Amino acid sequence: MGPEFVQALKYLAAGLCMGLGALGPALGEGYIGGKAMEGMARQPEMANTLLRNMIIADAIAETTGIYSLLVAIMILFVV
Amino acid sequence: MVLRFPLGPITVALNPATLGASLGISLLLLALALWLRREIPGDPEAPPSRRLALLIALVDFVENQILSGTSEKLRRSLFPLIATLLLFILACNLSAILPIPGMVAPTQDLNVTLGLALLVYLLTHVYGMRTKGVFRHIKSYLEPIPVMLPMNLVGDMGRTLSHGFRLFGNILGGAIMGAVAIPVLTDLLLRFLGPILATLALPVLGTVASLVLNAFFGVFAGTIQALVFTLLAAAYIQTASE
(Lines give C-alpha, C1' and ligand atoms only; values in the text may rest on other atoms or scores of the structure.)
Protein backbone atom coordinates (compact mmCIF):
# COMPACT_ATOMS: atom_id res chain seq x y z
CA MET A 1 0.00 0.00 0.00
CA GLY A 2 2.48 2.59 -1.14
CA PRO A 3 1.73 6.20 -1.99
CA GLU A 4 1.27 5.22 -5.65
CA PHE A 5 -1.64 2.99 -4.69
CA VAL A 6 -3.28 5.84 -2.74
CA GLN A 7 -2.72 8.18 -5.68
CA ALA A 8 -4.33 5.69 -8.08
CA LEU A 9 -7.32 5.30 -5.77
CA LYS A 10 -7.64 9.09 -5.63
CA TYR A 11 -7.88 9.34 -9.41
CA LEU A 12 -10.38 6.48 -9.46
CA ALA A 13 -12.47 8.09 -6.72
CA ALA A 14 -12.50 11.48 -8.46
CA GLY A 15 -13.57 9.90 -11.75
CA LEU A 16 -16.31 7.84 -10.11
CA CYS A 17 -17.50 10.82 -8.09
CA MET A 18 -17.82 13.02 -11.18
CA GLY A 19 -19.31 10.33 -13.40
CA LEU A 20 -21.94 9.13 -10.97
CA GLY A 21 -22.60 12.63 -9.67
CA ALA A 22 -23.31 13.93 -13.16
CA LEU A 23 -25.87 11.21 -13.80
CA GLY A 24 -28.60 12.58 -11.54
CA PRO A 25 -28.48 16.22 -12.68
CA ALA A 26 -28.36 15.08 -16.32
CA LEU A 27 -31.55 13.03 -15.92
CA GLY A 28 -33.23 15.82 -13.97
CA GLU A 29 -32.31 18.54 -16.44
CA GLY A 30 -33.41 16.42 -19.37
CA TYR A 31 -36.76 15.85 -17.73
CA ILE A 32 -37.18 19.56 -16.93
CA GLY A 33 -36.21 20.56 -20.47
CA GLY A 34 -38.53 18.03 -22.06
CA LYS A 35 -41.49 19.09 -19.94
CA ALA A 36 -40.78 22.78 -20.64
CA MET A 37 -40.69 22.06 -24.39
CA GLU A 38 -44.03 20.28 -24.08
CA GLY A 39 -45.51 23.25 -22.29
CA MET A 40 -44.09 25.71 -24.81
CA ALA A 41 -45.49 23.70 -27.73
CA ARG A 42 -48.89 23.65 -26.11
CA GLN A 43 -48.91 27.33 -25.12
CA PRO A 44 -46.36 29.34 -27.15
CA GLU A 45 -47.50 32.60 -25.50
CA MET A 46 -46.18 31.26 -22.16
CA ALA A 47 -42.73 30.53 -23.63
CA ASN A 48 -40.95 33.43 -21.85
CA THR A 49 -42.23 32.53 -18.39
CA LEU A 50 -41.56 28.84 -18.99
CA LEU A 51 -38.02 29.52 -20.17
CA ARG A 52 -37.27 31.59 -17.06
CA ASN A 53 -38.67 28.97 -14.70
CA MET A 54 -36.90 26.22 -16.64
CA ILE A 55 -33.54 27.92 -16.18
CA ILE A 56 -34.11 28.30 -12.42
CA ALA A 57 -35.20 24.66 -12.13
CA ASP A 58 -32.19 23.57 -14.19
CA ALA A 59 -29.85 25.51 -11.92
CA ILE A 60 -31.36 23.90 -8.84
CA ALA A 61 -31.21 20.40 -10.37
CA GLU A 62 -27.58 21.08 -11.24
CA THR A 63 -26.58 21.83 -7.65
CA THR A 64 -25.83 18.19 -6.75
CA GLY A 65 -23.64 17.92 -9.84
CA ILE A 66 -21.71 20.98 -8.69
CA TYR A 67 -21.31 19.39 -5.25
CA SER A 68 -19.79 16.29 -6.85
CA LEU A 69 -17.46 18.52 -8.89
CA LEU A 70 -16.28 20.24 -5.71
CA VAL A 71 -15.79 16.88 -3.97
CA ALA A 72 -13.82 15.56 -6.97
CA ILE A 73 -11.61 18.67 -6.94
CA MET A 74 -11.08 18.27 -3.19
CA ILE A 75 -10.15 14.59 -3.62
CA LEU A 76 -7.65 15.44 -6.35
CA PHE A 77 -5.99 18.55 -4.97
CA VAL A 78 -6.77 19.03 -1.27
CA VAL A 79 -6.92 15.62 0.46
CA MET B 1 -0.53 33.79 -4.98
CA VAL B 2 -2.17 34.72 -1.69
CA LEU B 3 -0.97 37.36 0.75
CA ARG B 4 -1.26 36.33 4.39
CA PHE B 5 -0.80 38.50 7.44
CA PRO B 6 -1.74 37.89 11.08
CA LEU B 7 -4.40 40.08 12.65
CA GLY B 8 -4.64 39.26 16.36
CA PRO B 9 -5.62 35.60 16.81
CA ILE B 10 -6.59 35.00 13.15
CA THR B 11 -4.70 35.10 9.87
CA VAL B 12 -6.15 37.26 7.13
CA ALA B 13 -5.58 36.03 3.59
CA LEU B 14 -5.91 38.34 0.61
CA ASN B 15 -5.88 37.25 -3.02
CA PRO B 16 -4.53 40.22 -5.02
CA ALA B 17 -5.73 38.82 -8.37
CA THR B 18 -9.34 38.55 -7.20
CA LEU B 19 -9.25 41.88 -5.40
CA GLY B 20 -7.73 43.71 -8.35
CA ALA B 21 -10.07 42.15 -10.89
CA SER B 22 -13.22 42.84 -8.88
CA LEU B 23 -12.14 46.42 -8.13
CA GLY B 24 -11.37 46.98 -11.80
CA ILE B 25 -14.74 45.56 -12.82
CA SER B 26 -16.51 47.74 -10.25
CA LEU B 27 -14.76 50.84 -11.61
CA LEU B 28 -15.66 49.85 -15.18
CA LEU B 29 -19.32 49.41 -14.24
CA LEU B 30 -19.27 52.76 -12.44
CA ALA B 31 -17.84 54.43 -15.54
CA LEU B 32 -20.49 52.70 -17.68
CA ALA B 33 -23.24 53.92 -15.36
CA LEU B 34 -21.99 57.53 -15.42
CA TRP B 35 -21.60 57.40 -19.21
CA LEU B 36 -25.16 56.09 -19.65
CA ARG B 37 -26.58 58.56 -17.14
CA ARG B 38 -25.43 61.56 -19.17
CA GLU B 39 -27.80 60.40 -21.90
CA ILE B 40 -30.99 60.74 -19.84
CA PRO B 41 -32.70 63.80 -21.35
CA GLY B 42 -34.33 66.49 -19.20
CA ASP B 43 -37.37 66.35 -21.43
CA PRO B 44 -39.12 62.93 -21.11
CA GLU B 45 -40.85 63.40 -24.49
CA ALA B 46 -37.57 63.63 -26.42
CA PRO B 47 -36.83 60.66 -28.74
CA PRO B 48 -34.34 58.28 -27.09
CA SER B 49 -30.79 58.14 -28.37
CA ARG B 50 -29.05 54.83 -29.00
CA ARG B 51 -27.30 54.76 -25.62
CA LEU B 52 -30.57 55.60 -23.88
CA ALA B 53 -32.24 52.73 -25.73
CA LEU B 54 -29.59 50.39 -24.28
CA LEU B 55 -30.33 51.68 -20.79
CA ILE B 56 -34.09 51.29 -21.35
CA ALA B 57 -33.63 47.73 -22.60
CA LEU B 58 -31.53 46.87 -19.53
CA VAL B 59 -34.06 48.33 -17.08
CA ASP B 60 -36.91 46.67 -18.94
CA PHE B 61 -35.15 43.28 -18.86
CA VAL B 62 -34.52 43.40 -15.11
CA GLU B 63 -38.02 44.67 -14.31
CA ASN B 64 -40.00 42.35 -16.57
CA GLN B 65 -37.88 39.21 -16.74
CA ILE B 66 -36.14 38.89 -13.38
CA LEU B 67 -38.50 40.78 -11.07
CA SER B 68 -41.71 39.85 -12.88
CA GLY B 69 -43.05 37.80 -9.98
CA THR B 70 -42.69 40.48 -7.31
CA SER B 71 -45.19 43.08 -6.15
CA GLU B 72 -44.97 46.65 -7.46
CA LYS B 73 -43.65 48.07 -4.18
CA LEU B 74 -41.01 45.37 -3.66
CA ARG B 75 -39.91 45.68 -7.28
CA ARG B 76 -39.03 49.34 -6.87
CA SER B 77 -36.93 48.76 -3.75
CA LEU B 78 -35.29 45.56 -5.08
CA PHE B 79 -34.43 46.91 -8.52
CA PRO B 80 -31.08 48.62 -7.68
CA LEU B 81 -29.76 45.58 -5.78
CA ILE B 82 -30.79 43.03 -8.38
CA ALA B 83 -29.56 45.08 -11.34
CA THR B 84 -26.21 45.64 -9.59
CA LEU B 85 -25.84 41.95 -8.76
CA LEU B 86 -26.67 40.97 -12.35
CA LEU B 87 -24.23 43.44 -13.94
CA PHE B 88 -21.42 42.71 -11.48
CA ILE B 89 -21.63 38.92 -11.73
CA LEU B 90 -22.08 39.05 -15.50
CA ALA B 91 -19.01 41.28 -15.90
CA CYS B 92 -17.02 39.04 -13.52
CA ASN B 93 -17.96 35.86 -15.41
CA LEU B 94 -17.25 37.38 -18.81
CA SER B 95 -13.89 38.75 -17.63
CA ALA B 96 -12.63 35.14 -17.63
CA ILE B 97 -12.39 35.16 -21.44
CA LEU B 98 -10.22 38.29 -21.59
CA PRO B 99 -6.71 37.41 -22.82
CA ILE B 100 -4.91 39.25 -20.01
CA PRO B 101 -2.04 37.35 -18.30
CA GLY B 102 -2.84 36.54 -14.67
CA MET B 103 -6.50 37.49 -15.13
CA VAL B 104 -8.92 35.23 -13.25
CA ALA B 105 -12.65 35.75 -12.94
CA PRO B 106 -13.41 37.05 -9.42
CA THR B 107 -16.36 34.63 -9.28
CA GLN B 108 -13.80 31.82 -9.53
CA ASP B 109 -12.95 32.64 -5.89
CA LEU B 110 -15.24 31.03 -3.31
CA ASN B 111 -14.89 34.08 -1.04
CA VAL B 112 -16.55 36.33 -3.62
CA THR B 113 -19.50 34.06 -4.43
CA LEU B 114 -20.11 33.01 -0.84
CA GLY B 115 -19.89 36.68 0.20
CA LEU B 116 -22.55 37.61 -2.33
CA ALA B 117 -24.73 34.68 -1.19
CA LEU B 118 -24.37 35.79 2.46
CA LEU B 119 -25.31 39.34 1.44
CA VAL B 120 -28.50 38.00 -0.14
CA TYR B 121 -29.17 35.86 2.95
CA LEU B 122 -28.86 38.89 5.27
CA LEU B 123 -31.14 40.88 2.98
CA THR B 124 -33.85 38.17 3.12
CA HIS B 125 -34.00 38.84 6.89
CA VAL B 126 -33.96 42.61 6.41
CA TYR B 127 -36.82 42.49 3.89
CA GLY B 128 -38.72 39.90 5.93
CA MET B 129 -38.56 42.03 9.07
CA ARG B 130 -39.42 45.17 7.15
CA THR B 131 -42.53 43.86 5.45
CA LYS B 132 -43.83 41.41 8.09
CA GLY B 133 -42.45 42.85 11.31
CA VAL B 134 -39.77 41.31 13.53
CA PHE B 135 -42.12 39.04 15.46
CA ARG B 136 -43.95 37.57 12.47
CA HIS B 137 -40.66 37.05 10.63
CA ILE B 138 -39.20 35.03 13.51
CA LYS B 139 -42.49 33.19 13.89
CA SER B 140 -42.30 32.10 10.24
CA TYR B 141 -39.43 29.80 11.28
CA LEU B 142 -41.79 27.93 13.63
CA GLU B 143 -44.21 27.08 10.85
CA PRO B 144 -45.98 24.80 10.11
CA ILE B 145 -45.21 23.35 13.59
CA PRO B 146 -42.57 24.56 16.11
CA VAL B 147 -40.70 21.21 15.88
CA MET B 148 -39.71 22.23 12.33
CA LEU B 149 -37.38 24.99 13.62
CA PRO B 150 -34.11 23.02 13.14
CA MET B 151 -35.29 21.88 9.69
CA ASN B 152 -35.99 25.47 8.65
CA LEU B 153 -32.60 26.66 9.93
CA VAL B 154 -30.71 23.84 8.16
CA GLY B 155 -32.72 24.55 5.01
CA ASP B 156 -31.65 28.20 5.16
CA MET B 157 -28.01 27.23 5.56
CA GLY B 158 -28.09 24.71 2.71
CA ARG B 159 -29.86 27.21 0.46
CA THR B 160 -27.26 29.92 1.09
CA LEU B 161 -24.31 27.53 0.70
CA SER B 162 -25.64 26.06 -2.55
CA HIS B 163 -26.37 29.60 -3.81
CA GLY B 164 -22.69 30.49 -3.44
CA PHE B 165 -21.25 27.09 -4.42
CA ARG B 166 -23.32 26.90 -7.62
CA LEU B 167 -21.79 30.04 -9.14
CA PHE B 168 -18.31 29.17 -7.84
CA GLY B 169 -18.44 25.57 -9.10
CA ASN B 170 -19.68 26.48 -12.55
CA ILE B 171 -17.06 29.16 -13.16
CA LEU B 172 -14.24 27.10 -11.61
CA GLY B 173 -15.27 24.06 -13.67
CA GLY B 174 -15.17 26.13 -16.85
CA ALA B 175 -11.76 27.53 -15.93
CA ILE B 176 -10.38 24.03 -15.25
CA MET B 177 -11.73 22.78 -18.60
CA GLY B 178 -10.05 25.73 -20.33
CA ALA B 179 -6.74 25.15 -18.53
CA VAL B 180 -6.73 21.40 -19.18
CA ALA B 181 -7.78 21.52 -22.86
CA ILE B 182 -4.49 22.55 -24.47
CA PRO B 183 -2.19 20.10 -22.58
CA VAL B 184 -4.60 17.22 -23.19
CA LEU B 185 -4.90 18.11 -26.88
CA THR B 186 -1.11 18.32 -27.24
CA ASP B 187 -0.69 14.94 -25.59
CA LEU B 188 -3.35 13.29 -27.76
CA LEU B 189 -1.95 14.73 -31.00
CA LEU B 190 1.61 13.70 -30.13
CA ARG B 191 0.45 10.20 -29.35
CA PHE B 192 -1.70 9.63 -32.44
CA LEU B 193 -0.16 11.81 -35.17
CA GLY B 194 3.53 11.79 -34.35
CA PRO B 195 5.67 14.88 -33.66
CA ILE B 196 5.73 16.40 -37.18
CA LEU B 197 2.00 16.31 -37.94
CA ALA B 198 1.23 17.30 -34.35
CA THR B 199 3.24 20.54 -34.54
CA LEU B 200 1.37 21.39 -37.75
CA ALA B 201 -2.11 20.51 -36.43
CA LEU B 202 -1.75 21.92 -32.91
CA PRO B 203 -2.10 25.67 -33.69
CA VAL B 204 -5.29 25.12 -35.72
CA LEU B 205 -6.95 22.61 -33.39
CA GLY B 206 -5.80 24.48 -30.29
CA THR B 207 -7.35 27.74 -31.54
CA VAL B 208 -10.61 26.00 -32.40
CA ALA B 209 -10.71 24.20 -29.04
CA SER B 210 -10.09 27.34 -26.98
CA LEU B 211 -12.63 29.31 -29.04
CA VAL B 212 -15.32 26.67 -28.48
CA LEU B 213 -14.48 26.28 -24.78
CA ASN B 214 -14.47 30.05 -24.21
CA ALA B 215 -17.76 30.46 -26.06
CA PHE B 216 -19.48 27.71 -24.09
CA PHE B 217 -17.98 27.96 -20.59
CA GLY B 218 -17.12 31.67 -20.67
CA VAL B 219 -19.94 33.38 -22.50
CA PHE B 220 -22.87 30.94 -22.39
CA ALA B 221 -22.46 29.39 -18.92
CA GLY B 222 -21.28 32.73 -17.48
CA THR B 223 -24.40 34.54 -18.68
CA ILE B 224 -26.76 31.76 -17.57
CA GLN B 225 -25.15 31.55 -14.11
CA ALA B 226 -25.30 35.35 -13.62
CA LEU B 227 -28.98 35.20 -14.55
CA VAL B 228 -29.63 32.23 -12.26
CA PHE B 229 -27.87 33.85 -9.30
CA THR B 230 -29.94 37.04 -9.58
CA LEU B 231 -33.19 35.16 -10.27
CA LEU B 232 -32.65 33.04 -7.16
CA ALA B 233 -31.68 36.10 -5.09
CA ALA B 234 -34.92 37.82 -6.14
CA ALA B 235 -36.92 34.66 -5.43
CA TYR B 236 -35.37 34.20 -1.93
CA ILE B 237 -36.01 37.82 -0.92
CA GLN B 238 -39.52 37.67 -2.32
CA THR B 239 -40.49 34.48 -0.46
CA ALA B 240 -39.10 35.92 2.79
CA SER B 241 -41.20 39.06 2.49
CA GLU B 242 -44.53 37.36 1.85
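The values are calculated or read from the model by the stated rules, or taken from the named source; none is laboratory data. Keep in mind that what you see is a predicted model, and the values were worked out from it rather than measured. So basically every Cβ, Gly included, is an ideal-geometry build from the backbone, and we count neighbours across all protein chains shown. Remember, those area values only see protein heavy atoms, side chains included, never the ligands or the DNA or RNA. Shrake-Rupley method; radii C 1.70, N 1.55, O 1.52, S 1.80 Å.
Numbers below:
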item	result
Spread of Cα-to-Cα distances over 10 Å intervals beginning at zero, given as percent, for the protein assembly as shown	5, 19, 28, 27, 14, 5, 1, 0
B:VAL212-A:LEU20 pseudo-label distance in nm [points 7 Å out on the Cα-to-Cβ vector]	3.0 nm
Percentage of interatomic Cα-Cα distances in the range B:65-185 larger than 21 Å	54 percent
At least 27 Å along the helix axis (C-alpha) and Kyte average at least 1.6, DSSP helices within chain B	B:16-37
For chain A, alpha-carbon Rg over 2.2 N^0.38 Å	1.57
Shielding by partners - mean other protein chain Cβ count within 10 Å, residues of B:169-180	2
Reachable aspartates and glutamates from B:LYS73, criterion Cα separation under 18 angstrom, eight or more residues apart if same chain	B:ASP60, B:GLU63, B:GLU242
Bins of 5 Å, starting at 0 and running to the largest distance - Cα pair percent for the range B:91-143	4, 18, 16, 13, 11, 9, 9, 9, 6, 4, 1
The range B:9-48 - convex hull of the alpha-carbon atoms, volume per residue in Å³	85 Å³
Rule-of-thumb Rg ratio for the range B:161-224 [Cα; 2.2 N^0.38 Å; N residues]	1.39
Whole-percent carbon and sulfur share, accessible surface of the protein assembly as shown, 1.4 Å	74 percent
